[in-house]
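Q: Attaching a single structure in structure tokens format; questions to follow.
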Amino acid sequence: MQYLNVVLTSLCSIVALFLLTKLMGNKQLSQLSLFDYIVGISIGSIAAELATELEEPLLPLIAMAVYALCALAISALTSSSIKLRRVLAGRPVLLLDNGQLYRKNFRKARLDVNDFTAMARVNGFYRISDIAAAMLEINGQISFLPKSDARPLTPSDMGLQPKQEHMEVTLIADGKLMRGNLRLSGMDEATLNDKLQQMGYDSPMPLFLCLTNE
């Protein structure tokens, strides 16, 4: 019976974590600030305790809810106050500008040159001289601005004005027609079937994936 209770409380903690993460938004996944990081690891720790708390499982659940509400409150406050946002979320730090590395800002960010050059290589810069500016963002990532003569050639550099492309829309996934996406694309089933027949398909069933950007 005790093992069954552990399984049930573990499942409850997973459901609670999922609901709280959905409530706090995808920022927890991709753009962690210092406060988000603290809240995230705290909720994770409490969820692990909830999985084995058999006597009073409600207490860790309440604590998780309190952390989530605090995260929502801080998010609301930082959205309305720039000063508070700078205190809680921090501000970007300029690391390099016009060929000059700012040693003071490196120390402030607790970043060494080896980490910096590694990040540069990951972003495709194998020569620091190709970088016009580098900024440490509040989520811990470094943004790089390439020099004009080191960036890829663009159509505007050649005086061209290509037609604007659109995001791809999934029309068929796993052989199933996505009717909602089909309506968003401005296409009906008859038109789609005609296009598929031109490509040699009698029905959507054989298709694993079908996209359109029209």
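The values are calculated or read from the model by the stated rules, or taken from the named source; none is laboratory data. Please read all numbers here as calculations on a predicted model, not as lab measurements. Cβ coordinates were reconstructed from backbone atoms using ideal geometry, including for glycine residues, and neighbour counts include every protein chain displayed. Keep in mind that these areas ignore ligands, DNA and RNA; they rest on the heavy atoms of the full protein, side chains included. Shrake-Rupley method; radii C 1.70, N 1.55, O 1.52, S 1.80 Å.
Q: With the condition being more than 30 Å from residue 85 (Cα to Cα), I'd like the strands (runs of 3 or more DSSP E) fully within segment 122-214 carrying at least 3 qualifying residues.
A: Qualifying strands (runs of 3 or more DSSP E): 169-173, 209-212.
Q: Can you name the number of the only condition in (1) farther than 30 Å from residue 146 by Cα; (2) modelled with pLDDT of 75 or more; (3) surrounded by 13 or more Cβ atoms within 10 Å (Cβ to Cβ) that residue 76 fails?
A: Against the list (1) farther than 30 Å from residue 146 by Cα; (2) modelled with pLDDT of 75 or more; (3) surrounded by 13 or more Cβ atoms within 10 Å (Cβ to Cβ), residue 76 comes up short only on (3).
Q: Further question: If the Cβ limit is 9 Å and pairs must be 6+ apart or interchain, which residue in segment 193-214 that is closer than 16 Å to residue 170 by Cβ pairs with which residue that is among the aliphatic types (A, V, I, L, M) and surrounded by fewer than 15 Cβ atoms within 10 Å (Cβ to Cβ)?
A: Filtered contacts from segment 193-214: 213/167.
Q: So, one more: Might you let me know whether segment 126-136 holds any residue that is aromatic (Phe, Trp, Tyr), farther than 20 Å from residue 208 by Cα and surrounded by 14 or more Cβ atoms within 10 Å (Cβ to Cβ)?
A: no
Q: In addition: Against the definition (at pLDDT 90 or above and either hydroxyl-bearing (Ser, Thr, Tyr) or more than 24 Å from residue 40 (Cβ to Cβ) (or both)), how does residue 54 come out, yes or no?
A: Criteria not met by residue 54.
Q: Checking the structure you have, find out if any residue of segment 196-205 is modelled with pLDDT under 85, exposed (fewer than 15 other Cβ atoms within 10 Å of the Cβ) and either of a type in the set (Ser, Thr, Tyr) or within 26 Å of the chain's Cα centre (by Cα) (or both).
A: Within segment 196-205, one or more residues are modelled with pLDDT under 85, exposed (fewer than 15 other Cβ atoms within 10 Å of the Cβ) and either of a type in the set (Ser, Thr, Tyr) or within 26 Å of the chain's Cα centre (by Cα) (or both).
Q: Restricted to segment 144-184, and to residues that are open to solvent by less than 90 Å² (accessible area, probe 1.4 Å) and in contact (Cβ under 8 Å) with a residue 40 or more places away in the chain, which residue is farthest from the chain's Cα centre (by Cα)?
A: 171
Q: Considering only residues that are in a helix (DSSP H, G or I) and within 23 Å of the chain's Cα centre (by Cα), look in segment 107-121 and name the one that is farthest from residue 95 (Cα to Cα).
A: Top of the filtered list is 121.
Q: I've got another one for you. Checking residue 213 against (1) under 30 Å from residue 124 (Cα atoms); (2) at pLDDT 85 or above, which test does it fail?
A: The number of the failed condition is (2).
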